[in-house]
């Protein structure tokens, strides 16, 4: 527990040294457990709010035409099992995102000439994710509870309140989340120290990875909404 608290405070106050040490020691288990636990808890406590808003979105979309009156009326209903199951699935997909994210970070930095194994970069990604998935996730969960809506913003979309969340500009701006950018900067700092490469080179590679990830996520989000008739 003390080690995790040290990593959490360290990744906030001195991310370069903290993430570099985690990469060297291949330390990721405690941070991963904390991230998945917060993801599951936040999903569980916000489930009624997100379920109600998802039901409203379905009713306002073309998908509603494919459902009968009984199905439409029951969209907001859920059982305790469904709530727990939703939390477990959220944690599972969070773990999958970390594994896949670490793979592409590893790939981009290896192409850029950085030394290290996948496990070193996985450790870096998990430690840096304490910033966006642990701290950011907890804050977003709190905002959802306070505002009673899942449409909370912690990025550039804050400055464009009139944008429709289904529009392409909104989806693009949503990628520039402050916690995600904090994560990216911390990750670049830690890898630069561990791999002994210049911070400029590390930042350049991290930005290229961020642009690649953003392009993929924007494409998936936009076309998914179109397919769902939103």
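Sorted into 10 angstrom bins from 0, the C-alpha pair distances of region 79-137 split as 22, 41, 24, 10, 3, 0 percent. If you plug the beta carbon distance of residue 147 and residue 199 into 1/(1 + (r/R0)^6) with R0 = 35 Å, you get a FRET efficiency near 0.40. Relative to a virtual label point 7 Å from the Cα of residue 223 in the Cα→beta-carbon direction, which members of region 160-192 show backbone nitrogen distances below 18 Å? The answer is 167-169, 171-172.
Each 5 Å bin from zero up to the one holding the largest Cα-Cα distance in the chain carries the following percent of pairs: 1, 7, 12, 16, 18, 16, 12, 8, 5, 3, 1, 0, 0. Extent along the principal axes, Cα only, for region 134-181: 26, 25, 15 Å, with the longest axis given first.
Ordered by the count of other Cβ atoms within 10 Å of each Cβ, fewest first, 151, 133 give 151, 133. Compared with the alpha-carbon gap, the fully stretched path from residue 100 to residue 33 is longer by 22.4 nm at 0.36 nm per residue.
Spin-label model, residue 93/residue 154: points 7 Å from Cα along the beta carbon direction are separated by 1.8 nm.
Rank these for me by crowding, 214, 13, going from fewest to most other beta carbons within 10 Å.
By the 10 Å Cβ count, ascending, the order reads 13, 214.
When Rg and the Kirkwood Rh are both derived from Cα coordinates, the Rg/Rh ratio for region 91-215 amounts to 1.01. Applying 0.36 nm per residue to the separation of residue 56 and residue 115 and subtracting their alpha-carbon distance, the gain on full extension is 16.3 nm.
Label sites at residue 215 and residue 13, each approximated as a point 7 angstrom past Cα along Cα to Cβ, lie 4.0 nm apart.
Note on 39, 154, 224: ascending count of other Cβ atoms within 10 Å places them as 224, 154, 39, the fewest first.
Laboratory data are not the source of any read-out in this text; all were calculated from the coordinates shown. Please read all numbers here as calculations on a predicted model, not as lab measurements. Because the Cβ atoms are built from the backbone with ideal geometry, glycine has one as well, and the counts that use them run over all protein chains shown.
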